[in-house]
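Some notes on the structure that comes next.
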Amino acid sequence: MVTNDSTMDVEHFNRWSRTYDDSWIQRYAVRVHTEMLDVVTNEIATPNTVLDIGCGTGRLLCKAHTLYPSAQLFGIDPAEGMVELARGQVPTATIYLGAAESLPLADSSVDVVLSSISFHHWNDQLAAFREISRVLRSGGCFCLADISIPVWLAKFARHIKIKSPAATGQFFDEAGLQVKVQHRTFTRFIWLTLGVKGSRGI
Ligand SMILES: C[S@@+](CC[C@H](N)C(=O)[O-])C[C@H]1O[C@@H](n2cnc3c(N)ncnc32)[C@H](O)[C@@H]1O
């Protein structure tokens, strides 16, 4: 069987899915999710549609449901184990098995796109950004939180797709999303960036 980084990632997350919610990563994820939703709510107080890319077990969508009870929620993740758990955790959401690079949603149909600690796993990051811009309505926003480590250190990491905040900002620009917020989260290794789709789009 031919494997590449993405296949190995998906297998890894399938295996991890059963224990993911009790694992070390929650120490970071829970607080990062809260920070993301605070920043988003500042931009759009009551979104009608929210999409979480790389939604994992659905914890961020769960919080989004509490905060925006009438919003239509969507999630997408390529790991079947994650998708199954997310469907159980947020039954009102529509959870797709799929990847950021090909979103099964109509053009200009989403108010808020979220993605937490997933971006460095995306195989074609620019294609994914273009997809995000396509599904966002004008004035909609994308809030991305992801690991950021110094470039020299990233070279030694298994995932060389970890980007600096500046490089991440360039993806937003190229996709026609104007960066309005970019800062470290409570942990210096995870940065948050929020961009808004202007009328220009891509
Ligand atoms: C570290 S987990 C983060 C899960 C969740 N967002 C959280 O904050 O806990 C990374 C997730 O990204 C997903 N992922 C990997 N490649 C992806 C891709 N190309 N598109 C979307 N999600 C992807 C994995 O399956 C996994 O569920």
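The values are calculated or read from the model by the stated rules, or taken from the named source; none is laboratory data. Bear in mind the structure is a predicted one, so any value in this text is a computation, not a measurement. So basically every Cβ, Gly included, is an ideal-geometry build from the backbone, and we count neighbours across all protein chains shown. We work out accessible area using only protein heavy atoms, side chains counted, and drop any ligands, DNA or RNA first. Shrake-Rupley method; radii C 1.70, N 1.55, O 1.52, S 1.80 Å.
In the stretch 1-108, which strands (runs of 3 or more DSSP E) lie fully inside it and hold 2 or more residues that are open to solvent by less than 70 Å² (accessible area, probe 1.4 Å), under 21 Å from Leu194 (Cβ atoms) and out of contact with any Ser or Thr (no Cβ under 8 Å at 6 or more places or on another chain)?
49-53
Based on what the data block shows, is Thr92 in contact (Cβ under 8 Å) with a residue 12 or more places away in the chain, near the ligand (Cβ under 9 Å from one of its atoms) and more than 24 Å from Val181 (Cα to Cα)?
no
Can you list residue pairs whose Cβ atoms sit under 8 Å apart, with the first residue in the stretch 170-186 being closer than 18 Å to Ser148 by Cβ and the second being part of a strand (DSSP E or B) and open to solvent by 70 Å² or more (accessible area, probe 1.4 Å)? Count only pairs 6 or more apart in sequence or on different chains.
Phe172/Gln178
For the stretch 115-200, give me every one of the strands (runs of 3 or more DSSP E) that falls completely inside it and has 1 or more residues that are within 16 Å of the ligand (Cβ to nearest atom) and modelled with pLDDT of 95 or more.
136-147, 190-197
Could you grab me the full set of residues in the stretch 24-56 that are within 14 Å of the ligand (Cβ to nearest atom), out of contact with any Gly (no Cβ under 8 Å at 6 or more places or on another chain), in contact (Cβ under 8 Å) with a residue 24 or more places away in the chain and charged (D, E, K, R)?
Arg31, Glu35
Consider Thr7 against the criteria (1) out of contact with any strand residue (DSSP E or B) (no Cβ under 8 Å at 6 or more places or on another chain); (2) within 8 Å of the ligand (Cβ to nearest atom): it satisfies all of them except one. Which criterion is unmet?
(2)
Any idea how many residues of the stretch 16-75 are over 17 Å from Ile147 (Cβ atoms) and aliphatic (A, V, I, L, M)?
Matching residues across the stretch 16-75 total 12.
Out of curiosity, is Gly75 within 14 Å of the chain's Cα centre (by Cα) and of a type in the set (Gly, Ala, Ser)?
When the stated conditions are applied, Gly75 passes them.
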